[in-house]
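**Student:** Dropping a structure here in structure tokens format, bear with me for questions.
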Amino acid sequence: MATVTSTAMTVEEFSRLPADGARHELNAGELITLPPPKSLHSRVARSVFTRLDAFLQNEGLREVYQEAGYALSYEPLTIRQPDVSVLSNARIEVTPEDSYFEGAPELAVEIVSPSDSAEDLEVKVRQYLNAGAKQVWVLYPKSQDLHVFQPDRFFVLKGDQVLEGADLLPGFAVKVSQFFGKGQ
């Protein structure tokens with residue numbers, strides 16, 4: 001279960017948190033400490049990352065990250081760490097090496113864990129979209145559903161339905177079930 005500390009933090013204080021195996025995020029200045037991901041969560045994250053990485057290697061315009069930090073807002077301070085994200089090379093090049101990326105990634109991917117509440121996920125999705133994300137994918141490993149959020153659209157895909165990259169990732173296509181299968 002995630003824990004929330006209600007004392008507002010600065011970027012500097014947040015940056016000095018110990019690397020203790022837990023994941024940390026800031027939501028409107030409040031520290032959220034998340035437990036380390038379990039095996040199913042990690043396997044799905046690796047599957048999404050691997051598929052996106054293979055696609056983007058040929059494209060050359062964007063990169064995929066696992067658990068990169070994004071400063072979505074400074075007033076109030078909000079720093080999120082999607083499980084997987086895609087960011088354009090142009091944005092990567094203007095980010096100092098020891099900084100959080102400014103704004104949302106073009107694509108933020110969240111994999112639902114037992115510690116996630118529906119309300120917390122909804123807040124994250126809104127924050128990503130409000131900060132400029134073009135798409136947010138929320139994967140539900142237990143039901144093997146994929147929820148796709150765009151600024152003006154929402155839809156759910158399951159099983160053998162194909163997720164297409166559309167304008168964001170032209171040419172990218174994968175069956176939703178492939179994100180959840182072992183070794184696929």
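The values are calculated or read from the model by the stated rules, or taken from the named source; none is laboratory data. Since the structure is predicted, the reported quantities are computational estimates derived from the model, not experimental observations. When we count neighbours, we look across all protein chains shown, and the Cβ atoms used for this are built from the backbone with ideal geometry, even at glycine. SASA here: full protein model, heavy atoms, side chains in, ligands and nucleic acids out. Shrake-Rupley method; radii C 1.70, N 1.55, O 1.52, S 1.80 Å.
**Student:** If I filter segment 60-92 down to residues being charged (D, E, K, R) and either crowded, with 21+ Cβ neighbours inside 10 Å or under 16 Å from the mean Cα position of the chain (by Cα) (or both), which single residue comes out as farthest from Val48 (Cα to Cα)?
**Tutor:** This residue is Arg80.
**Student:** Tally time: how many residues in segment 93-130 are of a type outside the set (A, V, I, L, M, F, W, C) and open to solvent by less than 40 Å² (accessible area, probe 1.4 Å)?
**Tutor:** Residues in segment 93-130 being of a type outside the set (A, V, I, L, M, F, W, C) and open to solvent by less than 40 Å² (accessible area, probe 1.4 Å): 10 in total.
**Student:** Could you list, in sequence order, the residues of segment 123-142 that are assigned to a helix (DSSP H, G or I) and more than 12 Å from the chain's Cα centre (by Cα)?
**Tutor:** Hits for segment 123-142 are Val123, Arg126, Asn130.
**Student:** Restricting the first residue to segment 80-99 and requiring it to be modelled with pLDDT under 90 and basic (Lys, Arg), which pairs with a second residue that is part of a strand (DSSP E or B) and surrounded by fewer than 21 Cβ atoms within 10 Å (Cβ to Cβ) meet a Cβ separation below 6 Å and a spacing of at least six or different chains?
**Tutor:** Going by the 6 Å Cβ cut-off, there are no qualifying pairs.
**Student:** Would you check which residues across segment 147-164 are over 13 Å from Ala108 (Cα atoms), open to solvent by less than 80 Å² (accessible area, probe 1.4 Å) and out of contact with any Lys or Arg (no Cβ under 7 Å at 6 or more places or on another chain) and list them?
**Tutor:** Scanning segment 147-164 gives Phe155, Val156, Leu157, Gly159, Leu163.
**Student:** Return the pairs, sorted by first residue and then second, in which the second residue is open to solvent by 40 Å² or more (accessible area, probe 1.4 Å) and polar (S, T, N, Q), the first residue lies in segment 50-61 and is closer than 12 Å to Val174 by Cα, the beta carbons are less than 9 Å apart, and the residues are 6+ apart or on different chains.
**Tutor:** Arg51/Gln178
**Student:** Further, regarding this structure: Those residues that are open to solvent by 10 Å² or more (accessible area, probe 1.4 Å), among the aliphatic types (A, V, I, L, M) and outside any strand (DSSP E or B), I need them from segment 165-184; list them, please.
**Tutor:** Within segment 165-184, Ala166, Leu168 qualify.
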